[in-house]
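Reading through the structure tokens given below for one structure.
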Amino acid sequence: MNKDMEVFEQLESGVRSYVRSFPTVFTKTKGYKMWNAEGEEYIDFFSGAGALNYGHNDDHMKQKLIEYITSDGITHSLDMASEAKAEFLTKFNDIILQPRNLDYRIMFPGPTGTNTVESALKLARKVTGRTDVISFTNGFHGMTIGSLSVTGNSMKRKGAGIPLQNVVTMPYDNYVNEQDSIDYLERFLEDSGSGVAIPAAMILETVQGEGGINAASFEWLKKVERVCKRWGILLIVDDVQAGIGRTGSFFSFEPAGIKPDIICLSKSLSGYGLPLAVTLIRPDIDKFSPGEHNGTFRGNNHAFITASAALDYWKDDQLEQNIHEKSEITLAFLNQLVEKYPALEGEVRGRGLMVGVACGADGLAGKIAAEAFQRGLIMETAGPNDEVFKLFPALNIDEAGLRQGLAIIEDSIKEVLR
Ligand code: PMP
């Protein structure tokens with residue numbers, strides 16, 4: 001064993017962390033590749049759990065960051081005004097919001113995904129004066145008490161004794177059914193004797209990431225939006241994982257044609273793996289008073305610098321084109337794989353480069369991911385029983401790298417089913 005591995009086992013926890021899934025010490029990364037201390041190369045289909053959509057150590061972002069650091073630019077400034085922050089806000093508005101005809105105020109809620117979710121839940125309750133929140137089975141929204149209570153995974157919640165009161169988790173009927181959970185909710189709301197209070201908000205992922213790559217149909221999303229509008233329920237789209245291009249467009253909900261009231265973004269927002277989160281708020285409901293929601297690390301200027309550079313990739317449609325092309329290759333490959341290996345009992349899921357294969361037998365997806373790691377591919381599992389192996393390549397991956405990774409998946413499946 002590499003001597004550093006012992007450090008992790010003894011001092012961190014080899015049991016809890018990703019050290020366990022990927023037991024090697026990494027030293028270097030570039031694009032979609034990673035190398036360990038022994039110089040062995042890995043293809044990365046994990047991408048920092050969606051925090052590295054542009055790949056590792058992108059040259060454009062790196063250059064901007066180096067220039068900024070060498071000029072002694074401000075690093076941490078709470079949420080004071082800084083040039084780097086102004087540049088980010090301007091570019092986010094000019095490159096992302098305006099061309100999409102979206103009008104949102106941008107709030108910095110804290111450094112990570114869970115911070116943006118917490119701010120969204122708090123704001124929805126404050127603005128509506130209501131308390132209840134609807135979330136969905138297998139949704140994942142974070143690990144702090146509020147965001148965990150809307151996370152539809154009992155294993156993750158029960159140790160902490162949650163959900164909190166006032167959270168109702170409903171089935172994620174991601175396709176419109178005759179009588180789906182949204183219809184039931186409406187029937188309760190219409191019945192003044194039902195005792196069901198009108199909720200403050202609904203929170204959802206358009207494609208559930210941790211929950212197993214469950215993609216909601218555009219029709220269902222439109223229906224959710226319609227019901228929210230009718231009852232004045234605020235629609236919170238948690239785009240922490242599905243956003244920033246992962247499903248094919250900057251915001252995952254764009255092709256559904258819906259406009260959420262509040263949007264949560266983090267993970268790949270900084271583009272470079274630096275912590276950054278925003279909460280996008282419909283201007284008329286931007287009702288936080290000064291200091292009402294704050295936090296020390298809301299102004300990581302290094303993250304603003306790389307995030308601004310990352311936005312340059314959205315000035316034309318080259319990146320989106322690549323996601324689209326590589327998505328087609330990936331989905332075609334996986335569909336053919338599932339047919340070729342019926343013992344997988346596989347179901348291909350996803351949209352864009354947020355893709356997974358649900359496997360029938362218990363533990364199979366984990367075995368495939370473990371075998372793939374032995375063969376030089378980093379891949380995670382997802383779903384309530386870890387029954388899905390999840391493909392999250394860099395969005396700018398080239399065809400050779402993608403096919404190399406896909407071939408490792410096929411070889412791993414062959415080995416595991418042997
Ligand atoms: N929302 C979604 C959809 C996520 O996937 C995650 C993280 N996996 C979070 C929120 C929480 O983000 P963080 O881990 O940065 O707190």
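The values are calculated or read from the model by the stated rules, or taken from the named source; none is laboratory data. As the structure is a computational prediction, the values presented were derived from the model and not from experiment. FYI the Cβ positions are ideal-geometry reconstructions off the backbone, even for glycines, and counts take in every protein chain you see.
For region 372-418, give me each residue that is of a type in the set (D, E, K, R) and either closer than 30 Å to residue 172 by Cα or within 25 Å of the chain's Cα centre (by Cα) (or both). Residues satisfying the conditions are 380, 386, 387, 390, 398, 399, 403. One residue stands out among those in region 181-205 that are touching a strand residue (DSSP E or B) at 6+ places or on another chain (Cβ under 9 Å) and away from the ligand (no atom under 16 Å from the Cβ): the one that is nearest to residue 122 (Cα to Cα), which is 200. Being farther than 13 Å from residue 205 by Cα and in contact with a Gly (Cβ under 8 Å, 6 or more places away or on another chain) is the filter here; which residues of region 148-173 pass it? 148, 153, 164, 169, listed by residue number.
Given the criterion surrounded by 17 or more Cβ atoms within 10 Å (Cβ to Cβ), out of contact with any Lys or Arg (no Cβ under 6 Å at 6 or more places or on another chain) and on the phi > 0 side of the Ramachandran plot, identify the matching residue among 273, 346. So the residue among 273, 346 that is surrounded by 17 or more Cβ atoms within 10 Å (Cβ to Cβ), out of contact with any Lys or Arg (no Cβ under 6 Å at 6 or more places or on another chain) and on the phi > 0 side of the Ramachandran plot is 273.
Restricting attention to region 381-397 and to residues that are out of contact with any helix residue (DSSP H, G or I) (no Cβ under 7 Å at 6 or more places or on another chain) and touching a residue at least 60 places away in the same chain (Cβ under 8 Å), the residue that is farthest from residue 50 (Cα to Cα) turns out to be 384. Return yes when residue 205 is of a type in the set (Asp, Glu), surrounded by 20 or more Cβ atoms within 10 Å (Cβ to Cβ), over 24 Å from residue 323 (Cα atoms) and at pLDDT 95 or above and no when it is not. Taking the combined requirement at face value, the residue does not satisfy it. Per this entry, residue 397 is counted among residues that are assigned to a loop (DSSP other than H, G, I, E, B) and either at pLDDT 95 or above or touching a Gly at 6+ places or on another chain (Cβ under 7 Å) (or both).
State yes or no: is residue 45 in contact with a Pro (Cβ under 6 Å, 6 or more places away or on another chain) and not polar (S, T, N, Q)? For residue 45, the condition - in contact with a Pro (Cβ under 6 Å, 6 or more places away or on another chain) and not polar (S, T, N, Q) - is met. Within region 44-54, being away from the ligand (no atom under 16 Å from the Cβ) and surrounded by fewer than 23 Cβ atoms within 10 Å (Cβ to Cβ) holds for no residue.
A Cβ distance below 9 Å, combined with a sequence gap of six or more or placement on separate chains, defines the contacts here; from region 121-147, residues that are farther than 17 Å from residue 239 by Cβ reach residues that are more than 11 Å from the ligand (Cβ to nearest atom) and of a type in the set (Phe, Trp, Tyr) in the pairs 122/288; 126/288; 137/172.
Of all residues in region 133-148, which are away from the ligand (no atom under 13 Å from the Cβ) and crowded, with 21+ Cβ neighbours inside 10 Å? Listed by number, the residues that qualify are 133, 134. Given the condition hydrophobic (A, V, I, L, M, F, W, C), near the ligand (Cβ under 10 Å from one of its atoms) and buried (at least 24 other Cβ atoms within 10 Å of the Cβ), answer yes or no: does some residue in region 250-260 qualify? So far as region 250-260 goes, no, none of its residues is hydrophobic (A, V, I, L, M, F, W, C), near the ligand (Cβ under 10 Å from one of its atoms) and buried (at least 24 other Cβ atoms within 10 Å of the Cβ). Checking each residue in region 189-247 for being of a type in the set (Ser, Thr, Tyr) and under 21 Å from residue 96 (Cα atoms) picks out 206, 247. Exactly one residue among 410, 325 is farther than 24 Å from residue 35 by Cα, among the acidic types (Asp, Glu) and assigned to a helix (DSSP H, G or I), and that residue is 325.
Against the numbered list (1) more than 11 Å from the ligand (Cβ to nearest atom); (2) among the small types (Gly, Ala, Ser); (3) not in a helix (DSSP H, G or I), residue 303 comes up short only at (3). Which one of these does residue 279 not meet: (1) in a helix (DSSP H, G or I); (2) hydroxyl-bearing (Ser, Thr, Tyr); (3) within 16 Å of the ligand (Cβ to nearest atom)? Residue 279 satisfies all of (1) in a helix (DSSP H, G or I); (2) hydroxyl-bearing (Ser, Thr, Tyr); (3) within 16 Å of the ligand (Cβ to nearest atom) except (1). Is it the case that residue 362 is among the acidic types (Asp, Glu) and part of a loop (DSSP other than H, G, I, E, B)? Against the criterion (among the acidic types (Asp, Glu) and part of a loop (DSSP other than H, G, I, E, B)), residue 362 qualifies. Filter region 166-196 down to the residues that are touching a residue at least 12 places away in the same chain (Cβ under 8 Å) and loosely packed, with under 13 Cβ neighbours inside 10 Å and list them by number. Answer for region 166-196, where residues must be touching a residue at least 12 places away in the same chain (Cβ under 8 Å) and loosely packed, with under 13 Cβ neighbours inside 10 Å: just 175.
Residue under question is residue 112, and the condition is that it be surrounded by fewer than 24 Cβ atoms within 10 Å (Cβ to Cβ), more than 18 Å from residue 301 (Cβ to Cβ) and within 16 Å of the ligand (Cβ to nearest atom); does it hold? No. Has region 21-43 got at least one residue that is surrounded by 18 or more Cβ atoms within 10 Å (Cβ to Cβ), among the aliphatic types (A, V, I, L, M), in a loop (DSSP other than H, G, I, E, B) and in contact (Cβ under 8 Å) with a residue 12 or more places away in the chain? No, region 21-43 has no match at all. Filtered by the rule that a residue be loosely packed, with under 14 Cβ neighbours inside 10 Å and not in a helix (DSSP H, G or I), region 55-71 gives a lone residue, 71.
Rundown of residues vs (1) at pLDDT 95 or above; (2) among the charged types (D, E, K, R); (3) buried (at least 22 other Cβ atoms within 10 Å of the Cβ), yes/no style:
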| site | (1), (2), (3) |
| --- | --- |
| 154 | no, no, no |
| 158 | no, yes, no |
| 209 | yes, no, yes |
| 248 | yes, no, no |
